[in-house]
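These notes concern the structure reproduced below.
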Amino acid sequence: MNTFWMALAAAGAAFFSAVVHAQVSVEKPWVRGTVQGQTSSGAFMELRSKDDAALVGVESPVAGMVEIHDMKMDGSVMRMRAVARIDLPAGKTVELKPGGYHVMLMQLKRTLKAGETVPIRLRIEGADKSVKTIELKAEVRSLTGAAKQGL
């Protein structure tokens, strides 16, 4: 393949990647602050996809392990469990929030202080089964501030 076609293919791949990233928007990302010695926290946000997609993984350098979780009432007990994916139906906002779907940051490597930001990488699977990455920064909110806001 000559240089022209290789350059055109590379440009096309870059364009495709940007389009896929633009199809899923992330709004209001935040992480609950921690206290000294606390080993886990939650990350929350709103996701909206132009086309059917799914959140299939999350990573963050502040945590040794990151999982997608769901919380549901089971009788009179609130239960939390890891889930492999969260479907993102086309055109609908999916809210990751306390008491529902959320991201668990576990084995924290440091205390998360209000006002700082936490890098988070979302893995999004498209309808064609390709997986793309979205990188974002989530604001850390204080424990008391989140509680006052009903979060």
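The values are calculated or read from the model by the stated rules, or taken from the named source; none is laboratory data. Bear in mind the structure is a predicted one, so any value in this text is a computation, not a measurement. Here the Cβ positions follow ideal geometry from the backbone for every residue, glycine too, while neighbour counts run over all protein chains shown. Note: accessible area is taken over every heavy atom of the protein model, side chains too, but ligands, DNA and RNA are not part of it. Shrake-Rupley method; radii C 1.70, N 1.55, O 1.52, S 1.80 Å.
Miscellaneous remarks
- With the highest mean first, a sort of the peptides 112-121, 85-94 on other beta-carbon atoms found within 10 angstrom per residue produces 112-121, 85-94.
- Set of aspartates and glutamates with alpha-carbon distance to Lys129 below 14 Å, sequence-local pairs under 8 removed: Asp51, Asp52, Asp87
- For Glu116, the residues whose amide H sits under 5 Å from its own are Val140, ignoring neighbours fewer than 5 places away on the same chain, with H placed 1.01 Å from N.
- Lysines whose Cα lies under 16 Å from that of Lys97, excluding same-chain neighbours fewer than 8 positions away: Lys28, Lys72, Lys148
- For Glu139 and Gln107, a Förster radius of 22 Å and the Cβ-Cβ distance give a FRET efficiency of 0.55, rounded to the nearest 0.05.
- Qualifying aspartates and glutamates (Cα of each under 17 Å from Cα of Lys113; at least 8 residues distant if same chain): Glu139
- Solvent-accessible area per residue, Å², over segment 62-151 with all protein chains present [probe radius 1.4 Å]: 58 Å²
- Isotropically averaged projected area of segment 79-143, using the convex hull of Cα atoms (one quarter of hull area), nm²: 5.9 nm²
- Packing order of peptides 54-64, 126-136, highest average first: 54-64, 126-136 (average count of other Cβ atoms within 10 Å over each peptide's residues).
- Electrostatic dipole magnitude of segment 23-99 [Cβ: Lys, Arg +1; Asp, Glu -1; Cα centre; debye, to 20]: 180 debye
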